[in-house]
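The structure appears below as structure tokens.
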Amino acid sequence: MGRTVYINGAFKAEEDAFISIFDRGFLFADGIYEVTAVIDGRLVDNDLHLARLERSLHEIAIPMPMAIEQILEIQVDLIRRNQLREGVVYLQVTRGSADRDFGYAEGMRPNFIAFTQAKSLVDAPSVRNGVAVDVTDDPRWSRRDIKTIMLLGQVLAKKKANAGGFHEVWFVEDGYITEGASSTAFILTKDNVVLTRPNSQAVLPGCTRRALQKLAKEGGVIIEERRFTLQEAYEAKEAFLTSASSLVTPIIRVAQRVIGDGTPGPVTRRLQAAYLDLARTRSEPVL
Ligand code: PDD
């Protein structure tokens, strides 16, 4: 059974939803996307994702296709139509369609699509057992704070990492970890401080990261915003990553170095449980 998806004002069967070959997302990667988790039929941290969508669009001068409240209505509608209990809702806004030209006209009408993807998030083996992450030089442009659909660096780095048996890859710049190809990076130091890189143009400001910072404070875990080196990552007591689709995922190996005793650590487990509780009880119920 096919999904119902949203495309430019209409809900359609996925096999009937088409976008122009002149879409600037297709031709230039000229667009923005967002991914929100759905757990137990609830949208997780969705306010943060919609706020970041608005910010990203503003940064590349694409108008919002509609008000935030209307986008939320579409997300809710898609979850209901597809009876999505667990998975993600994907949103994408591109500058619109026009004959190919680097320069674009003012006042273009954005193309807006949205769809659901059913997948197991909470019970994924990666979330339960932890994962290995590879490391590589950061291949991306200088405005990584904008969530653009220009993801070839990430696609190629992830493909290589996956082929080497890694679940994710951490990017390194000037000796410091920036972030994962599609996730935020954290380590726990020997002094029991969780480190994550401060937000800047070098990284995407993670919504899961932000929610977790608040939870950690409530639970008495210290998360310090400071850049950390690859060497510090190798020597970490624990490590984990966060994203909408991977929640809090333990890391048990960075490149060839085993982290801690090679199993998910207690601080990671505590934060993971706290985040799941938030997702299941404090987020917006739809179904
Ligand atoms: N990726 N950093 C990068 C480069 C990302 O692509 C993502 C998310 C994150 C985590 O952000 P958040 O916690 O807001 O999901 C950090 C999504 C899930 C994706 O591309 O599918």
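The values are calculated or read from the model by the stated rules, or taken from the named source; none is laboratory data. From a predicted model like this one, the values you see are computed outputs, not experimental measurements. Please note: Cβ atoms are built from the backbone with ideal geometry, for glycine as well, and neighbour counts cover all protein chains shown. When the accessible area is computed, the model is the full protein with side chains, heavy atoms only, and any ligands, DNA or RNA have been set aside. Shrake-Rupley method; radii C 1.70, N 1.55, O 1.52, S 1.80 Å.
Counting only protein chain heavy atoms and rolling a 1.4 Å probe, the accessible areas of TYR104, TYR6, TYR176 rank, largest first, as TYR104, TYR176, TYR6. Amide H contacts of VAL169: ASP134, ALA181, SER182, each under 5 Å away and 5 or more positions distant or on a separate chain (H built 1.01 Å from N in the peptide plane; Pro and chain starts excluded). Which of rounded, prolate, oblate describes the stretch 1-151, given a ≥ b ≥ c as roots of the alpha-carbon gyration tensor eigenvalues and a/c under 1.5 marking rounded, otherwise prolate only if a/b is larger than b/c? Taking the square roots of the gyration eigenvalues as a ≥ b ≥ c, the stretch 1-151 is oblate. In this simple spin-label approximation, THR229 and ASN162 carry label points 7 Å from Cα along the Cα→Cβ vector, and these lie 3.3 nm apart.
Rolling a 1.4 angstrom probe over the stretch 125-281 with all protein chains present gives an accessible area of which 53% lies on carbon and sulfur atoms. Highest mobility in the GNM of the chain, judged by mean-square fluctuation with C-alpha springs under 10 Å and restricted to LEU188, LEU43, LEU152, is found for LEU152.
Of the cross-linked pairs LYS159/LYS214; LYS119/LYS190; LYS160/LYS214; LYS160/LYS217; LYS160/LYS237, those separated by over 31 Å at the C-alpha level are LYS159/LYS214; LYS119/LYS190; LYS160/LYS214; LYS160/LYS217. Annotation: per residue accessible area for the chain equals 47 Å², rounded to a whole number [probe 1.4 Å, protein chains only]. GNM on the chain, C-alpha springs below 10 Å: top fluctuator among GLY260, GLY219, GLY31? Judging by the Gaussian network model, the answer is GLY219. Size descriptor for the chain, Kirkwood hydrodynamic radius: 19.7 Å (Cα pairs only, one decimal).
Ordered by 1.4 Å accessible area with all protein chains kept, SER183, SER245 run largest first as SER245, SER183.
Backbone geometry of the stretch 79-95 corresponds, through the Karplus equation with coefficients 6.51, -1.76 and 1.60 at θ = phi - 60°, to 3J(HN,Hα) couplings of 4, 5, 4, 9, 6, 7, 8, 9, x, 9, 10, 9, 10, 9, 10, 10, 5 Hz, x marking Gly and Pro. Have a look at the DSSP beta bridges in the chain and tell me what percent are antiparallel, nearest 5. Expressed as a percentage, antiparallel bridges in the chain total about 80. Take the solvent-accessible surface of the protein heavy atoms, probe 1.4 Å, and return the percent of it on the stretch 1-71 that carbon and sulfur atoms account for. Its accessible area is 55 percent carbon and sulfur atoms.
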